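Report on the structure given below.
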Protein chains: 2
Amino acid sequence: MIPHGAHLQIGSLLFEGIDQIDLTGPFEVLSRIPNATYRIYGKTAAPVRDLKGLRLTPDASLADAPPLDVLHVPGGYGQEALMDDAEVLGWIRRQAAGACSIFSVCTGALICGAAGLLKGRRATTHWSAFHLLPLFGAIPVDERVVVDGAWIFAAGVTAGIDGALRLAAELRGDEVAQAIQLHMVYAPEPPFNSGTPETAPAVILEQARRSVRAITAQREQTAQRVAAKLGIAVPAAGAE
Amino acid sequence: MIPHGAHLQIGSLLFEGIDQIDLTGPFEVLSRIPNATYRIYGKTAAPVRDLKGLRLTPDASLADAPPLDVLHVPGGYGQEALMDDAEVLGWIRRQAAGACSIFSVCTGALICGAAGLLKGRRATTHWSAFHLLPLFGAIPVDERVVVDGAWIFAAGVTAGIDGALRLAAELRGDEVAQAIQLHMVYAPEPPFNSGTPETAPAVILEQARRSVRAITAQREQTAQRVAAKLGIAVPAAGAE
């Protein structure tokens with residue numbers, strides 16, 4: 001927990017093809033952390049589209065970001081285009097080096113991996129990309145939220161809400177996180193028990209695996225190439 | 001459940017001062033409903049800011065919306081400015097009249113009330129505005145998601161995610177909703193049990209009540225004035 005007196009600079013990365021709730025779920029929490037400046041940073045300040053078309057606009061460009069205390073890296077299919085993006089990866093590396101907390105949501109973990117930041121780290125990501133974590137030297141942990149030192153990893157998509165509340169508690173104490181949770185009326189009642197590969201009906205899981213097959217194959221190729229470039233020993237990867 | 005063959009027009013209302021996750025939580029679900037066109041409509045097509053500053057951009061203006069099959073009305077402090085807005089209220093009334101589903105999230109219920117649509121209806125809203133529902137002739141039901149005929153009401157903020165999954169199931173069947181839930185990895189694990197007035201620690205609830213006192217007083221005044229205009233008999237309202 002950071003002393004309440006210290007003002008925090010909190011920043012989220014926004015990019016074309018993000019899964020919007022990887023950003024907007026945590027936004028509801030991060031924008032309510034006391035004594036903090038929260039901004040969203042994009043490669044440029046121009047609007048981008050999420051993978052289903054929601055238009056989101058950064059507050060400023062990466063170049064205009066101050067040194068961040070808290071760095072939030074969301075995911076989504078657009079993560080693929082960043083895996084070789086020297087500007088974005090360099091920005092993440094520099095910001096992560098100075099941050100007291102780094103918060104990865106969903107396949108944001110792959111971007112952090114491509115930045116070379118996951119070696120030896122306990123981490124998680126979306127279930128469809130979970131088997132790729134070792135390519136970046138990470139130790140995959142099959143939990144919804146994984147805390148490893150300064151790092152918080154949220155698994156898929158809406159896990160970012162749970163992770164952001166954990167982050168708020170780490171930064172400002174449990175009562176601050178609880179107050180935000182009450183504002184958000186975050187007492188979830190999912191109407192089905194289909195939120196994980198373990199609980200989803202078999203037919204639904206099969207369909208889902210088919211629907212992510214192309215992006216998963218692409219992510220595997222990219223991850224192997226990037227991992228080789230990073231000089232990480234690559235174990236044989238098999239799709240889950 | 002609507003026949004899969006029928007294409008659906010789904011629309012969300014976006015306005016200045018919205019609570020962004022009232023829109024973006026459901027977006028994750030509504031944008032994945034098969035054989036549907038999902039668009040976000042604002043008074044104009046210009047970007048607006050959520051109550052914490054997130055910039056969101058409508059796809060089109062209200063005037064350019066087709067007749068909707070599904071109408072989604074989110075909430076947030078900006079709801080107050082719409083309670084006398086003849087253009088928005090008229091649009092909601094016309095769209096609701098033709099829709100097969102109307103989905104209200106959080107204080108979006110107050111906007112629907114100002115449009116005269118809640119008379120005799122079982123409804124819910126954010127806990128801080130719950131006591132205002134009878135002013136609009138509604139029967140308040142203290143549940144996270146309330147279904148009344150063609151209407152689905154989600155209580156506060158993140159309840160919109162649960163409500164949207166219910167809506168997806170009503171529109172396209174349980175399997176479609178379950179597949180979307182798996183994509184979203186919606187198997188929540190809130191780190192605290194502070195999401196409702198009943199479960200939050202007393203000190204947190206007290207703080208929260210204080211922090212919404214001004215907006216609640218304003219909402220009470222507005223609700224009484226609008227209810228009088230609608231000709232609804234106004235019972236004595238007391239803050240919760």
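Residues in the stretch A:3-13: is at least one within 16 Å of A:CYS106 (Cβ to Cβ), more than 14 Å from chain B (Cβ to nearest Cβ) and either surrounded by fewer than 22 Cβ atoms within 10 Å (Cβ to Cβ) or modelled with pLDDT of 95 or more (or both)?
yes
Looking only at the stretch A:146-174, how many residues end up being assigned to a loop (DSSP other than H, G, I, E, B), out of contact with any helix residue (DSSP H, G or I) (no Cβ under 8 Å at 6 or more places or on another chain) and more than 20 Å from A:ARG32 (Cα to Cα)?
2
Looking only at the stretch B:180-208, count how many residues are in a helix (DSSP H, G or I) and facing chain A (nearest Cβ under 10 Å).
Total satisfying the criteria: 9.
Residues that are over 12 Å from B:VAL29 (Cα atoms), small (Gly, Ala, Ser) and open to solvent by less than 30 Å² (accessible area, probe 1.4 Å): does the stretch B:139-153 have at least one?
The answer is no, given that none of the residues of the stretch B:139-153 is over 12 Å from B:VAL29 (Cα atoms), small (Gly, Ala, Ser) and open to solvent by less than 30 Å² (accessible area, probe 1.4 Å).
Can you work out which of the residues in the stretch B:27-66 that are of a type in the set (S, T, N, Q) and part of a strand (DSSP E or B) is nearest to the other protein chains (Cβ to nearest Cβ)?
If we take residues in the stretch B:27-66 being of a type in the set (S, T, N, Q) and part of a strand (DSSP E or B), then B:THR37 is nearest to the other protein chains (Cβ to nearest Cβ).
Taking B:SER128 as the residue in question, decide whether it is out of contact with any Phe, Trp or Tyr (no Cβ under 9 Å at 6 or more places or on another chain), among the polar types (S, T, N, Q), more than 7 Å from chain A (Cβ to nearest Cβ) and surrounded by fewer than 19 Cβ atoms within 10 Å (Cβ to Cβ).
No: the conditions fail for B:SER128.
Taking A:ARG93 and the conditions (1) open to solvent by 10 Å² or more (accessible area, probe 1.4 Å); (2) part of a helix (DSSP H, G or I); (3) charged (D, E, K, R); (4) closer than 30 Å to B:SER194 by Cβ, which numbered condition does it fall short on, given that it satisfies the others?
Every listed condition holds for A:ARG93 apart from (4).
Report, by residue number, each residue of the stretch A:143-152 that is touching a Ser or Thr at 6+ places or on another chain (Cβ under 7 Å) and within 13 Å of chain B (Cβ to nearest Cβ).
A:GLU143, A:VAL146, A:ILE152 - these are the residues of the stretch A:143-152 that are touching a Ser or Thr at 6+ places or on another chain (Cβ under 7 Å) and within 13 Å of chain B (Cβ to nearest Cβ).
Could you list all residues from the stretch B:154-170 that are closer than 14 Å to B:SER104 by Cα and open to solvent by 20 Å² or more (accessible area, probe 1.4 Å)?
B:ARG166
I'd like to verify a number: residues in the stretch B:34-70 that are touching a residue at least 60 places away in the same chain (Cβ under 8 Å) and crowded, with 21+ Cβ neighbours inside 10 Å, how many?
Looking only at that region, the number is 1.
For B:ALA177, state whether it is within 21 Å of A:ASP22 (Cα to Cα), open to solvent by less than 40 Å² (accessible area, probe 1.4 Å), part of a helix (DSSP H, G or I) and more than 7 Å from chain A (Cβ to nearest Cβ).
It is false that B:ALA177 is within 21 Å of A:ASP22 (Cα to Cα), open to solvent by less than 40 Å² (accessible area, probe 1.4 Å), part of a helix (DSSP H, G or I) and more than 7 Å from chain A (Cβ to nearest Cβ).
Spot the failing condition for A:ALA217; the list is (1) in contact (Cβ under 8 Å) with a residue 24 or more places away in the chain; (2) out of contact with any strand residue (DSSP E or B) (no Cβ under 9 Å at 6 or more places or on another chain); (3) small (Gly, Ala, Ser), and only one is missed.
Condition not satisfied by A:ALA217: (1).
The values are calculated or read from the model by the stated rules, or taken from the named source; none is laboratory data. The structure presented is a predicted model; accordingly, all values stated were derived computationally and were not measured. Cβ sites come from the backbone with ideal geometry, for glycine too, and all protein chains shown count toward neighbours. Surface accessibility is based on the protein's heavy atoms, side chains included, excluding ligands, DNA and RNA. Shrake-Rupley method; radii C 1.70, N 1.55, O 1.52, S 1.80 Å.
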